[in-house]
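*Asks:* Please see the structure below; I have some questions.
The values are calculated or read from the model by the stated rules, or taken from the named source; none is laboratory data. The structure presented is a predicted model; accordingly, all values stated were derived computationally and were not measured. Positions of Cβ are generated from backbone atoms using ideal geometry, with glycine treated the same way; all protein chains shown enter the neighbour counts. For accessibility, only protein heavy atoms count, side chains too; no ligands or nucleic acids. Shrake-Rupley method; radii C 1.70, N 1.55, O 1.52, S 1.80 Å.
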Amino acid sequence: MSSSDPATVAPDSNIDHAASIRYWNSVPATSNAMLAMLGNYPWYSRIDLRGSKTFLAKVRRMIPSCPTDGKLAQAADCGAGVGRVTEGFLSHACSVVDAVEPVAKFTQVLQDGPLKRDGVVGDIYTMGIESWYPDKKYDLIWTQFCVGHLTDSQLRDYFVRCCAALTETGLIVVKENMSTDPQGEDMYDDEDSSVTRTDEKFRKIFAEAGMNLITSELQLGFPKNFKLLPVRFYALRPKT
């Protein structure tokens, strides 16, 4: 089988960052429009945010010396969009939340919003996470529904940079859809030029990036009859 055969091409090699940006620029910069990207189910965001809150509280109890009560000082919302996760969850768990998001009209919503005026939203970086080089220390780097736009090598390098940007008790949380490919392969979506990875692939990349997987679990509560992609949490710390 030749190397040009489509069956031998890694799904992430199809990723086109410019195509991804064009797709997201076609989406209105509103929370309702962002929810439409999640299936247009009004209950989806409530279940998603509640699951994130529960998961973070659990993980904080698993990290020695990590405060289990009160807010974390500094977080980053990577793939922030218009701030759905920051507004609905991270702002309640963290004092200041920086935002990393490549679509300018989405970051403008954050810039003009009340959380920015109140100082809850800190620095806003209008760039893809593949181009983000943190210049401060974070207690939490929350990365949700965006790593599919990075190639495997870009994702590994991103995690290496994130590890170096953590405080002594800081952690990285990745929350992503899981591939349901019957052959156990990553799935490429040409609509938004993204890859949905397998659990096995994620764990391989985490290990290559020098990260220790503290715990992982599926997001629960989504009605099974909607046949949504499984969503999994990963809590990560640098290997010591």
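*Asks:* So which residues in the stretch 1-25 are out of contact with any helix residue (DSSP H, G or I) (no Cβ under 8 Å at 6 or more places or on another chain) and at pLDDT below 90? Steps first, please.
*Replies:* At the first step, the residues of the stretch 1-25 found to be out of contact with any helix residue (DSSP H, G or I) (no Cβ under 8 Å at 6 or more places or on another chain) are 3-9, 11, 13-14, 16, 18-19, 21-23.
Within the stretch 1-25, 3, 4, 5, 6, 7, 8, 9 meet the criteria.
*Asks:* Something else about it: Does residue 195 satisfy being within 21 Å of residue 78 (Cβ to Cβ), under 17 Å from the mean Cα position of the chain (by Cα) and open to solvent by 50 Å² or more (accessible area, probe 1.4 Å)?
*Replies:* no
*Asks:* Could you count how many residues in the stretch 197-222 are touching a residue at least 60 places away in the same chain (Cβ under 8 Å) and either of a type in the set (S, T, N, Q) or outside any strand (DSSP E or B) (or both)?
*Replies:* Initially, the stretch 197-222 is screened for residues touching a residue at least 60 places away in the same chain (Cβ under 8 Å), giving 214-215, 217, 219-222.
Filter once more, keeping what is either of a type in the set (S, T, N, Q) or outside any strand (DSSP E or B) (or both): 215, 219-222.
Here the count works out to 5.
*Asks:* Looking only at residues in the stretch 75-109 that are polar (S, T, N, Q) and farther than 24 Å from residue 169 by Cβ, which one is surrounded by the fewest Cβ atoms within 10 Å (Cβ to Cβ)? Can you show your working first?
*Replies:* Our first condition is that a residue be polar (S, T, N, Q); within the stretch 75-109, this holds for 86, 91, 95, 107-108.
With the extra rule that they be farther than 24 Å from residue 169 by Cβ, the set shrinks to 107-108.
Working: 107: 23, 108: 14.
Result: 108.
*Asks:* Separate question: Based on this model, can you work out whether residue 122 counts as of a type in the set (Gly, Ala, Ser), closer than 26 Å to residue 74 by Cα and either without any contact (Cβ under 8 Å) to a residue 40 or more places away in the chain or in contact with a strand residue (DSSP E or B) (Cβ under 7 Å, 6 or more places away or on another chain) (or both)? I'd like the intermediate steps shown before the answer.
*Replies:* Values: of a type in the set (Gly, Ala, Ser): yes; closer than 26 Å to residue 74 by Cα: yes; either without any contact (Cβ under 8 Å) to a residue 40 or more places away in the chain or in contact with a strand residue (DSSP E or B) (Cβ under 7 Å, 6 or more places away or on another chain) (or both): yes.
It is true that residue 122 is of a type in the set (Gly, Ala, Ser), closer than 26 Å to residue 74 by Cα and either without any contact (Cβ under 8 Å) to a residue 40 or more places away in the chain or in contact with a strand residue (DSSP E or B) (Cβ under 7 Å, 6 or more places away or on another chain) (or both).
*Asks:* Would you say residue 161 is open to solvent by less than 60 Å² (accessible area, probe 1.4 Å), closer than 15 Å to residue 205 by Cβ, in a helix (DSSP H, G or I) and among the basic types (Lys, Arg)? Step through it out loud before you land on a result.
*Replies:* On the way: open to solvent by less than 60 Å² (accessible area, probe 1.4 Å): yes; closer than 15 Å to residue 205 by Cβ: yes; in a helix (DSSP H, G or I): yes; among the basic types (Lys, Arg): yes.
So residue 161 passes the test.
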